[in-house]
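Read the figures in this text as sums done on the coordinates, not as results from a lab. The structure presented is a predicted model; accordingly, all values stated were derived computationally and were not measured. No Cβ is skipped: glycine too gets one built from the backbone with ideal geometry, and neighbour counts run over all protein chains shown.
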Amino acid sequence: AEDIVYDDAPWLSSSMNNVQFLSAEVSNEVGAALGLRSVRKLLISGELHLQDLSCPSPAWIEKQLANFQEPALIAPQLLDLADSLGATKAHLLFDFRTHGSESILQPNLAGLQGPAVLLFLDGVKLGAEQLCRLQNLPPHQHGLARAARVGPGLLSMYALADVACIVSGEALFYFDPRGTHFVDPEQKGVRPVGKAHLFVNSDMPRKFADQFAPFKVFGFDPARGFNGTLIRLPLKHDLCDSMGPDSGVSPGGEAAGGGEAMQRSEMLRKLLRECVASTTSSSLLFLEKLEDVSVSAWHPGDAVMTPAKRVGIQQPVSAELRKHRTCMTRNAEWKKFNLLSVFGSAPALKSTFSMTTTEAVFHDFLLGGEAQEKDKAPGDPSAPPPPQVEQWLICSTLGSKAIRKMALERKDMGLVPLGSVAALLKSSSMGVAPEIDGQIFAFSPAARSGLPVHVNGFFDASHGLAWPGLRRAGAFSKGG
C-alpha cells in the first residue's frame with residue numbers, strides 16, 4: 001500500500017509513468033486518511049525526477065488566444081502577467097542574436113536558438129506544478145491573488161512562440177504544444193510535449209552548453225539555482241508570414257533565399273518599437289506589485305544588451321503606497337452580508353492616493369536601424385529626452401448595488417466590483433494638469449477611451465472590453 005499514490009495534481013500526473021495511482025473511485029481525502037503519499041509530496045521530496053510535464057493542447061491555446069492575437073498588445077499582456085505573479089521588477093529583452101546549435105538536447109531544437117523576446121521576473125520562482133496549472137486550468141484555478149486580465153496570462157507566450165522556453169529556480173522547462181520540436185522516435189504522431197530538466201548539480205550545462213547559452217542574461221548561471229524566472233520566446237514562423245508576401249519567407253515557414261533570419265529580425269525590431277511605444281509610466285498606475293519595468297535590445301556582435309526604455313514608480317516606494325495599491329482588490333468587506341447590502345444601500349468603499357512615476361528613454365535611435373552611439377553628436381536634437389516625472393491622483397471605489405450583485409453571482413471569474421480613475425496632476429514636460437489621451441485599463445492598458453482620465457476595472461478584455469455607454473458615444477475604439 002505504501003507504493004500507491006493519490007493524485008492531487010492531475011495536470012502533472014497525466015504524463016507520469018511507473019507510478020501506481022489510487023483508484024479514481026476513492027477520494028483524495030480517503031487516500032490522505034489512509035496515510036498514502038500524494039503526487040505533490042513526491043515532487044517536493046524529490047523522489048520523482050520528473051522529466052515529462054502536462055502541456056496545453058493547440059486547441060486549448062487557440063481558444064484562449066482567440067481575442068488576444070495582436071502582437072502589439074504583447075507588452076501589456078506580459079507586464080500584466082508579471083504583476084499577477086507578484087513581480088516587483090520586470091525586464092523585457094529583445095534578443096536579435098542567433099546562438100550556437102551544436103551542443104543542444106535535440107537537433108530539432110536548433111530553430112529555437114534564433115531571435116527571441118525574453119521576460120525576466122526578478123525574485124519570482126515558478127515550479128513545475130505552477131507552470132502546468134497556469135497553462136492547463138482556467139484562471140480562477142490558478143491560485144493567484146489576481147489573475148491576469150488584459151491577456152490570457154501565461155498562455156500569452158504562444159502569441160509569439162511555438163515553444164516556450166523557461167528557466168526558473170533549478171530547472172529548465174520546455175513546452176511544445178504542437179509537438180514539432182521535441183520528437184520521440186517511438187511516438188506515433190505528434191502530441192503536446194512538456195519537459196523539465198533539473199540542471200543544478202548535473203553535467204547538463206557542460207554537455208549542452210549551447211542549449212543554456214541563450215539564457216545567460218540577468219545573472220543566470222546554470223551552475224547554481226536562479227532566483228527568478230526567465231521566459232524565452234523564440235519568434236514563430238507565423239509572425240514572419242504575417243509580414244506579407246514580400247517577406248522572403250514562404251507560407252510554410254521555409255526561408256526563401258536565406259531570408260528567414262532577416263524577417264525574424266525585422267519582426268523583432270517591429271515588436272521592440274511597439275513595446276517601447278506602449279510601455280509608459282502610466283502602465284504601472286493600476287498594477288498592484290510591479291514597480292520597475294525595463295526594455296532592452298541585444299544586437300549581434302554587441303558584448304552587452306543596450307537599454308531602450310525604463311519606467312517606474314519614483315524611489316523609494318513607501319510601505320504606505322504599496323498598501324494603497326492592493327488594498328481595494330484585497331478588501332473583502334463588500335462580500336459580507338448585512339441588511340444594508342440586502343436593500344442596496346450599503347456605502348461604497350473608497351480609496352484615494354497619489355503616485356509619482358518616472359519614464360526614461362535610452363538610445364531610441366537604435367530602434368530604426370544600425371546607428372551607433374558614437375554617431376550622435378553632443379546637443380543632437382534627436383538625442384533621447386531627459387527623464388519625465390509625472391504625479392498622478394488615483395481614486396478607487398468598491399461599488400454596491402447592481403455591480404456588487406454581479407460580482408457575487410460570478411465568483412468563478414474572480415470579479416471585484418472595482419472602479420478606478422487616474423488623473424494626471426503634473427508633468428515635468430507638460431506642466432500642471434495637462435490633457436491626456438485617456439485609456440481603458442484592465443489593470444494594464446487595453447484600449448483608448450477618449451476620456452481626459454485613465455479608467456480601470458475588472459473589464460472582460462477577451463471580448464473587446466465591451467462598454468456600451470462609451471461605444472454609443474463613439475468615444476471607444478479597440479486598439480485605436
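Some values worked out for this structure:
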{"read-out": "Rounded to whole Å, sorted largest first: equivalent-ellipsoid semi-axes of the range 116-182, Cα gyration tensor", "value": "19, 15, 13"}
{"read-out": "Cα shape, the range 104-233, gyration tensor, a/c 1.5 rule", "value": "oblate"}
{"read-out": "In the range 136-221, trypsin sites (Lys or Arg not before Pro) in a DSSP loop with at most 15 other beta-carbon atoms within 10 Å", "value": "188, 216"}
